[in-house]
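Take a look at the structure set out below.
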Amino acid sequence: MEDDAPVIYGLEFQARALTPQTAETDAIRFLVGTQSLRYDNQIHIIDFDDENNIINKNVLLHQVGEIWHISTSPADKGILATCYNKTSDTKVMTCAAVWRMPKELESGSHESPDDSSSNTQTLELLCHLDNTAHGNMACVMWEPMGDGKKIISLADNNILLWDLQESSTKAVLDPREAQKMHKVWIESAEETTVNISVYRFEVTCQQIVRTLPQLSSSTALEGKGQLKFTSGRWSPHHNCTQIATANDTTVRGWDTRSMRQIYCIENAHGQLVRDLDFNPNKQYYLASCGDDCKVKFWDTRNVTEPVKTLEEHSHWVWNVRYNHSHDQLILTGSSDSRVILSNMVSISSEPFGHMVDDDELSDQEDQHQEDKIKEPLQDSVIATYEEHEDSVYAVEWSSADPWLFASLSYDGRLVINRVPRALKYHILL
Amino acid sequence: MAAVTTGSGAGSGAAGSPEATGGSTGGGGWRRPHGPLQRYYGPSTAEAAEAPPDPTDINGPHFDPEVFMNKVRSECPLGQLLAREAALGREIRALDSDMQTLLYENYNKFISATDTIRKMKVDFRHMEAEMDDLAANMAAISASSARVSAALQDRHRRGAQLAGVQALLRKLQALVEVPGRLRRWAGTEPARALRCHARARAVLRHYRHLPSFRAIEDESHAIMADLAQRLRTRLREETLDPKELIECVEMLLQLEEPAEELSEEFLSQAGARLEAELAALEAELPAADPSGTATTPPPPASDILDFVDRGSSAFVGTLCQLAGSYRALFGGDTGRLEPFAAALATRYFALLERRLALERGLGDTSLLVRALDRFHRRLRALLELLPAGADAAAALVARAARERVDRYLRALQTFFLGCLGDVRQALAAPRPPGKEGPGLPELLAQLAASVLGQLKAVLAYVQLFTARDIAFASLPYFKGEFCVTAVREGLVVAFVRWLCRTARGFVDGPAERGAPAAPPALLLLLARLCLDYENSTISYILTLTDEQFPPQDSGPAVTPGPALCAEARAAAQRLLDHYVQVQGAAVAQMLRKSVETRDWLGTVEPRNVRAVMKRVVEDITAIDVQVGQLFEEGVRRAQSSDSSRRAFSVYSSSRAPGRYAPSYTPSAPMDTHLLSNIQKLFSERIDIFSPVEFNKVSVLTGIIKISLKTLLECVRLRTLGRFGLQQVQVDGHYLQLYLWRFASDERVVQGLLDEVAASAAHRCLDPVPMEHSVVELICERG
């Protein structure tokens, strides 16, 4: 059983932002945001026809700036959020906005006429997440399994929780300034159409003193040792009340109700932490990756030592993703231009090793064969994908097909790969 | 015939004549001295047949005068004839006189014989009469003798009877005296009393049906019982010398006390005695601390040799004596003795073990070895009695040896850690400016030498255990297993393994989280140390060990040298990789911060190379020096002749600007990627954090790769203005100028810097590159 060859799609521009269309559970669809300083940026909606191994694309214009992060609503296929750079002559500001794509593109791969350059469609701005007071947006997270009303964005050293109203067309953040710095405080601002709750707080109580000068004057961010969130994930467990963020070498967990820190993994990595992901099936398990080329797995109840460490990449690991259904499958992308699929059976929710009653049913011959296949797999690297020529900044599992994933390298190459069949059947059977 | 007789009669007298005739007869002369006699008394037929009759032989039997005469006459001249005639005449006369003399003598003898016979006839007649007389007298004597003896017989019998009665009476007297004697001796000389009683006992028992004897017997019995009683009390109550004890029990045995009971008594007495000795030994040991070794016990009063000496002379000696006499007393039945002795021996072993456990320090190994040796020798005597103890004793010695070896291993480890601490201190010590501290090679040599020296010293100490004059060294354990398992595996291999593990510990250990990381120089030093171990030291140590402790052929499997070498090499590799990562990360961190914190949009036109770049070059130069102290140069890929002059970045003035421009024209947006992709097709993929080789160039290349890749990734995260791009250009050129010489393949540096430049151009809002000549000028200015 030959594995299908990877499918490669090339974008004209450099790209970093990749996301599956989270709300779509039937079709395999990824969204890619491009980075170009001189041309209008685009969002490519890439449909993958699994049967025929064909890619269909639709291009949306994203004229406000180059896209650094993209995420899609878990409830509405048509809604997505981007973090983009707004560039003026002397200043670069990363902003975030929520958009709606044209209805006809929401679902189904309409054969768009190939003259995409002339006939590209534009996104409809739903609301702009105003961050002028909070700094550059690092990423936008949607509440997992929610109704697409709550999002959290990370802006420099702020965590902002937004509440979107159904009819929102515009979002303006108007936080009431003041209050003391060392206290967590909550503000709510209300306008005619949008309700936005803003939680803003210091990174930790201990670090308040250090961060104070930067916070008090938001223009002087460029200084020594600023603390910026680099990445974050919203935990699907605990009623979606927890998020985890990464800044510098530290990983922190927050409770979104109290907005207090619930755990902190100091020095989670030797160098910068680049990305995080929650195990979708085990509520306390968390994966992180970073500039020390390692991927680490943590039990958030005991953060003194990682549960497991992978050292397979030869440069920074930018992305780590758990498979949504089979959490032993770990996907990592790195600037060594490789994508690595690992099988972490020992710390997954799957029972380690196989149960005996499986074997009892099958007849002798089958059993013999099965025994060979079903030997409990060890934690191992399943495959290393080397289709990329440049640094891989994003890897994502498809939301529709748990055996399929996409990876995006800086040169704009999107590669769609599948989990090897042997492993797939081993897991399924 | 007459001639024959004459010839024979004159045989001896006429010795001269045959010689004379022999001269004339020639070949037929005397061959043997007894020839003539033999010939006379009958020559053997064979000889007769062999020698034809010679009629000319004057002495021969076939002498024919006629032939002789004819022969003589015809052969001899006249003179000779006359001489012969005269000679013959002399001869004949001599023979005649001889014959006369003989005849006369024989006649005389015959006459005297006749006289003697006549005289004898007369004498015998006298003798017969005297003989008859003698016979008559003898008969008379015998008759009177018979009469006398018949007369005395009766008296004689009576005398004999009386003598018998007297002996009996004396015996009776003795018997009667027995109780008295017994009583007298029982107090003072029980042994004599016993002998006395033993003699009397049989008689008394035999005549016990007679009342008087019975009385005596009863009395003596009572006395003996009393004696037995006293002996038993003594046995039970007093503490006796082993000798006294043996005597006592021996006597009791003679008194026919039950052996079973006695042996029990004996053992309990002996036990008490031995217990006392054990207690004396135990008193020397500090009280057993059940809570473990919370408090360090004070050093024992006497050294181990002394302890063992006393233990063996007192306890083992006594035990042997007692066991020997037990066997003598109670015969071969050792069913009771063995468990008894075994229990005591076990306790003794336990005590000794406790004492050995007190030998915490490394102290004097020779003392320990001698002590163990003495213990083992002394114990041999006991072991003959108690074969089961042999294993226990051997195991004890082996354990002690093993324990000592383990302790040496720990000491070695402590020593190594101490050395490492020294090295760390030397590395960390602030150096006065201008004066270099001890260089890395010196530190390494010092470390390696002191560790090796220590290891050798330890091996020398351990070798004492297998010295030839040590008794237990001939045990199979010490010949085989000790050498291999304890020394080679347990000490040498374990130490090398531990060393590698410790070295690796600096990499895998807590360095990442919390605890202070090892200084990079230490990593480098350890990497070199491990590499040296792999190259030479391990095989040297193993050879040394195998020489000093020759392994048995059938012994347990040993760790082969290559496996250890591989371990050391892996450790070295890990350390060096880590060194590269640490140093690379340090440089990379610097670059990252410098890129992240700068405002690339609002920057002014570059006039200088940024200070951080100079710092990077300085740091890498310093690393180059550091690595160069310990590692070889390594090989570089051949360089093109104009390598140093090669223009940095695709923006170089030598290139037509138009060649790069198309990527920014909307008409062909794909070209850039095509271009860069095609470029990449022809360049190898560069692994950034990849294992390095053991040479300077490779290490430096690794560090430079990490640094430049970081620069690339960081630049990609920024948005640059025109001057920002130009600054990157300047910085890149500067790096290119100074870094290529460190890398094994200059193209790697070039490729990475090209990518940095390309990325910077992509990330630039207004990509107007600086004139290459200006860039060069700025860089040259410093």
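The values are calculated or read from the model by the stated rules, or taken from the named source; none is laboratory data. Owing to the predicted nature of the structure, the values given are computational and were not obtained by experimental measurement. Reconstructed Cβ throughout: ideal geometry from the backbone, glycine too, with neighbour counts over all protein chains shown.
The residues listed here are A:Met93, A:Met101; of these, the one that is at pLDDT 80 or above, aliphatic (A, V, I, L, M) and surrounded by fewer than 21 Cβ atoms within 10 Å (Cβ to Cβ) is A:Met93.
The listed residues are B:Ala428, B:Ala449, and the only one of them that is at pLDDT 80 or above and aliphatic (A, V, I, L, M) turns out to be B:Ala449.
The single residue among A:Ala383, A:Ala422, A:Ala406 that is within 17 Å of the chain's Cα centre (by Cα) and either of a type in the set (A, V, I, L, M, F, W, C) or not in a strand (DSSP E or B) (or both) turns out to be A:Ala406. Contact map, the stretch A:393-418: first residue away from chain B (no Cβ under 14 Å) and of a type in the set (S, T, N, Q), second residue buried (at least 21 other Cβ atoms within 10 Å of the Cβ) and assigned to a loop (DSSP other than H, G, I, E, B), Cβ cut-off under 8 Å, separation 6 or more or different chains; pairs are A:Ser399/A:Gln21; A:Ser399/A:Thr22; A:Ser407/A:His388.
Assess whether B:Met99 counts as being assigned by TED's automatic domain parsing to the domain that holds B:Asp54 and farther than 21 Å from B:Asp57 by Cα. Even if it seems obvious, please write down each step before you answer.
Numbers: assigned by TED's automatic domain parsing to the domain that holds B:Asp54: yes; farther than 21 Å from B:Asp57 by Cα: yes.
So B:Met99 passes the test.
Within the stretch B:252-279, being at pLDDT below 75, over 22 Å from B:Glu338 (Cβ atoms) and assigned to a helix (DSSP H, G or I) holds for B:Leu252, B:Gln254. Of the residues making up the stretch A:1-27, those that are more than 14 Å from chain B (Cβ to nearest Cβ) and either buried (at least 22 other Cβ atoms within 10 Å of the Cβ) or out of contact with any strand residue (DSSP E or B) (no Cβ under 8 Å at 6 or more places or on another chain) (or both) are A:Met1, A:Glu2, A:Ala5, A:Leu18, A:Thr19, A:Pro20, A:Gln21, A:Thr22, A:Glu24, A:Thr25, A:Asp26. Within the stretch A:290-306, which residues are away from chain B (no Cβ under 14 Å) and either polar (S, T, N, Q) or in contact with an Asp or Glu (Cβ under 6 Å, 6 or more places away or on another chain) (or both)? A:Thr300 - this is the single residue of the stretch A:290-306 that is away from chain B (no Cβ under 14 Å) and either polar (S, T, N, Q) or in contact with an Asp or Glu (Cβ under 6 Å, 6 or more places away or on another chain) (or both). Scanning the stretch A:307-326 for residues that are more than 12 Å from chain B (Cβ to nearest Cβ), in contact with a strand residue (DSSP E or B) (Cβ under 8 Å, 6 or more places away or on another chain) and within 19 Å of A:Ala406 (Cα to Cα) turns up A:Asn319, A:Val320, A:Arg321, A:Tyr322, A:Asn323, A:His324. Counting only residues that are closer than 14 Å to A:His388 by Cβ and either more than 9 Å from chain B (Cβ to nearest Cβ) or not acidic (Asp, Glu) (or both), the stretch A:327-339 holds 8 of them. The condition (being under 60 Å from the mean Cα position of the chain (by Cα), part of a helix (DSSP H, G or I) and closer than 20 Å to B:Val699 by Cα) is satisfied by just one residue among B:Val587, B:Val617: B:Val587.
Look at the stretch B:617-631: where a residue is within 10 Å of B:Ala521 (Cβ to Cβ) and a partner is in a loop (DSSP other than H, G, I, E, B) and of a type outside the set (A, V, I, L, M, F, W, C), sitting 6+ places away or on another chain with Cβ atoms under 7 Å, you get B:Gln629/B:Gly439. Name every residue in the stretch B:599-609 that is in contact (Cβ under 8 Å) with a residue 12 or more places away in the chain and either within 14 Å of chain A (Cβ to nearest Cβ) or surrounded by 17 or more Cβ atoms within 10 Å (Cβ to Cβ) (or both), in order of residue number. The answer is B:Trp600, B:Leu601, B:Gly602, B:Thr603, B:Val604, B:Pro606, B:Val609. Filtering the stretch B:579-598 to residues that are in contact with a helix residue (DSSP H, G or I) (Cβ under 6 Å, 6 or more places away or on another chain), within 11 Å of another protein chain (Cβ to nearest Cβ) and not small (Gly, Ala, Ser) leaves B:Val582, B:Arg592. If you go through the stretch B:744-782 and keep only what is more than 12 Å from chain A (Cβ to nearest Cβ) and free of Cβ contacts under 8 Å to residues at least 60 places away in the same chain, you end up with B:Val749, B:Val756, B:Val768, B:Val774, B:Glu776, B:Leu777, B:Glu780. Among the residues of the stretch B:102-113, not a single one is within 24 Å of B:Thr56 (Cβ to Cβ), of a type in the set (A, V, I, L, M) and in contact (Cβ under 8 Å) with a residue 12 or more places away in the chain. Taking the listed residues A:Ile347, A:Ile340, A:Ile373, the one that is in contact with a strand residue (DSSP E or B) (Cβ under 6 Å, 6 or more places away or on another chain) and modelled with pLDDT under 85 is A:Ile347, with no other qualifying.
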